[in-house]
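Q: Here it is, the structure, as structure tokens.
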Amino acid sequence: MKKVRKDVFVIRGRSSWLGLMAVLVLIVGSSPLQAQVGSPRGAVSVAGKISSVKGQELIVGARNGDVRVKTADKTIVRGEVPIKFSEISPGMYVGATAEKRPDGTFRASRLHVFSEDQRGTGEGHRPLSSAPQSGLTMTNANVETVEDTAVGDVKGRMLTLKYKGGEIKVLVPPDIPVVRRVLADQGWLKPGAEVFIQATQAADGSLSASQITVRASGTR
């Protein structure tokens, strides 16, 4: 029987917990549970594949072990649905994983369109938090303009992404994953589904999901 992981530190105060900061850095790098920077007290994230569903409890196979997560009627579930490359349009609020090019523009490796209730989520441009040393960036922003273009031998769509404090241009090749997030229900939570979970950890270590995103098949 697999061991279900609950060992994650959550910082709840300043005084007695400051000594654990160095330990927390190590845990975030190796544990299937990750504390979310800037999130409410007790908030963690879990990424992995659902291995079993029993009522309102999920067992999620994460990178370094299984994690038990409870759901509730108020848990928000979203699903990712693949969309056509041609459906990208101005006015969308998107998240773009990309790499900076020598000319100052960016080339996307993945693009997701947020559901409308998520507009404004994590707005900004920053290093990719799950791989900060990779050189990849994550930009959550509004699509201002879309232009069909060619860069070298790549024909794609050049997006102007505008966020508070700045904007960037991102080339979206036609062969990368492009998905739209839609509001869903717990019927999407099935064994084998890839999920990203935002949860709250109680004093006893148990996790309760506040939001769950079911990833589109074959995307990361």
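Q: Set the Förster distance to 35 Å, then compute FRET efficiency between V154 and R63 from the Cβ-Cβ distance, nearest 0.05.
A: 0.65
Q: Please arrange H125, H112 by how many other C-beta atoms lie within 10 Å of their C-beta, fewest to most.
A: H125, H112
Q: Structure shown: which of K155/K190; K100/K190; K49/K74; K49/K84; K49/K169; K74/K190 lie over 30 Å apart, alpha-carbon to alpha-carbon?
A: Numbers: K155/K190 37 Å; K100/K190 37 Å; K49/K74 22 Å; K49/K84 25 Å; K49/K169 33 Å; K74/K190 18 Å.
Violating the 30 Å Cα-Cα cut-off are K155/K190; K100/K190; K49/K169.
Q: Could you name the aspartates and glutamates whose alpha carbon sits less than 19 Å from that of K162, not counting residues in the same chain fewer than 8 places away?
A: E87, E99, D103, E116, D117, E123, E144, E147, D148
Q: How do K70, K164 rank when sorted from fewest to most other Cβ atoms within 10 Å of their own Cβ?
A: Sorted ascending by nearby Cβ count, the order is K164, K70.
All of the numbers you see were taken from the coordinates with simple rules; none came from a lab. Predicted model only: the values in this text are computed from it and were never measured. Backbone-built Cβ (ideal geometry, glycine too); neighbour counts: all protein chains shown.
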